[in-house]
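Note sheet for the following structure.
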Amino acid sequence: MLLCQVDFLPQWRRAAQKCVCTWRSCEVLACLQWLCSHPVPVSFRLCFKDFFIHKFKAVLGKNRIIFPGEKVLLAVSGGPSSCSMLRQVQEGLSQKANKKLRFVPGVAFIDEGAAIGQSVEERQRTVAELQAVFQATGFPFYILPLEQVLDLPASVVATNPSPSEQPASAYKAAVHHFVETDGSNFPRPQEPKKTLLPRVQESHTLMLQQLLGSVKTLTAREELLNTLRQHLLVHTARTEGYSKLMLGDSCTRLAVKLLTSISLGRGAQLAQDTGFSDSRYGDIILVRPMRDYSAKEVAYYNHLFTVPYVVIPSVDTKTVDKASIQRLTESFVTKLQTDFPSTVSTIYRLTSEKLQTACRKRSGADGCDRCLLCLCSLDTAVGESLTHTGVTVHITVLHFSFIYKQGCT
């Protein structure tokens, strides 16, 4: 549920003091801007925290993709959403947790300072801030310079054989075994090591900058960066023995990504790009447990419970709205969300679910043609009838084509 931008302070205060309303059914929430500058009742804070943590555990329990004892690599960029995800995992594994999480986490951070021309000192300063955050969790963490993507083997762009699909009863059996043994037979997190940014050869930095500089538009550069980032994360997960890769994409981010992908001609790949799970790599499955949280909910939670995060510039920092399709779509969605608070949920929860239902059968087909970079199934079928999904995509593209004709490069 999105935080409401309503002005019912008396009703909200009475409901919070009585604490008889649930967060899901409460219709008298004050807006985030007001709450950040005024004291919030303790009962309201506890109600929101319980709801926030419950939703995170519920989405993992509902999908039953992560089995007890599995090693899961958390991709943390340092931003609000991924750091909030890290806090949820930390809360779920604590001794006082009501329903503890049962997987073994690790943390991975990719330093992209070379892509935006940061100096070595600036990159080291950012890494030092995040290292303090990671060490406080007690999880093993990996600091990965983006330059390492230049040394990846060719196998990273190949789909490895996926483990055989297990019956529905296998998950319950694994949970029962975990409870009986009290998790004693499963691996434990290693002690985090003090590691700064690994030494990177200057030649590798120059090669990476030349590669990104050869891309003429910011739109294509952001897509290339996203692909390189994902390849490096998947390679790290494979080499370190992780079977799942957890991403921190929020509902707001995925709504922007959905419209951007359609505008870039990637409508057939939406099932992998925005769904809860993504099995394009076979042996490594990507999961997005933050997909039901809006950016506003994440910001509110981080503010109330002092979740640390680091503001890191990206390639589109301080650019105009029309600098790229991604930037323009983000500006459009966020501005529309300000006046119509249900914009993000409508785009993502309605349009995305329909597209995923239609695309899942094609994306899961064996022996199909795949893109050499993103490894998604290519939509090469000719002569198919115009389905309801096709109509939805077509209407969406027409609706946004007006915006992208305004000089976007």
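The values are calculated or read from the model by the stated rules, or taken from the named source; none is laboratory data. Keep in mind that what you see is a predicted model, and the values were worked out from it rather than measured. Cβ atoms come from the backbone with ideal geometry, glycine included; neighbour counts cover every protein chain shown. Just the protein is used for accessible areas: all its heavy atoms, side chains included, with ligands, DNA and RNA removed. Shrake-Rupley method; radii C 1.70, N 1.55, O 1.52, S 1.80 Å.
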> Considering the range 119-131 alone, what residues qualify as being over 21 Å from the mean Cα position of the chain (by Cα), open to solvent by less than 60 Å² (accessible area, probe 1.4 Å) and either without any contact (Cβ under 8 Å) to a residue 12 or more places away in the chain or under 21 Å from THR306 (Cα atoms) (or both)?
Replying inline: SER119, ALA128
> Only one residue in ALA173, ALA168 is modelled with pLDDT under 85, farther than 25 Å from THR239 by Cβ and open to solvent by 80 Å² or more (accessible area, probe 1.4 Å), so which one is that?
Replying inline: ALA168
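Mind telling me which of the residues VAL344, VAL333, VAL307 ends up being at pLDDT 55 or above, surrounded by 15 or more Cβ atoms within 10 Å (Cβ to Cβ) and part of a loop (DSSP other than H, G, I, E, B)?
Working: VAL344 fails: part of a loop (DSSP other than H, G, I, E, B); VAL333 fails: part of a loop (DSSP other than H, G, I, E, B).
Selected residue: VAL307, the only one of VAL344, VAL333, VAL307 that is at pLDDT 55 or above, surrounded by 15 or more Cβ atoms within 10 Å (Cβ to Cβ) and part of a loop (DSSP other than H, G, I, E, B).
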> Only one of (1) open to solvent by less than 40 Å² (accessible area, probe 1.4 Å); (2) in contact with a Pro (Cβ under 9 Å, 6 or more places away or on another chain); (3) at negative phi; (4) small (Gly, Ala, Ser) fails for GLY282. Which number is that?
Replying inline: (3)
> In the range 197-221, what residues are touching a Lys or Arg at 6+ places or on another chain (Cβ under 8 Å) and either touching a residue at least 40 places away in the same chain (Cβ under 8 Å) or part of a helix (DSSP H, G or I) (or both)?
Replying inline: LEU197, LEU212, LEU218
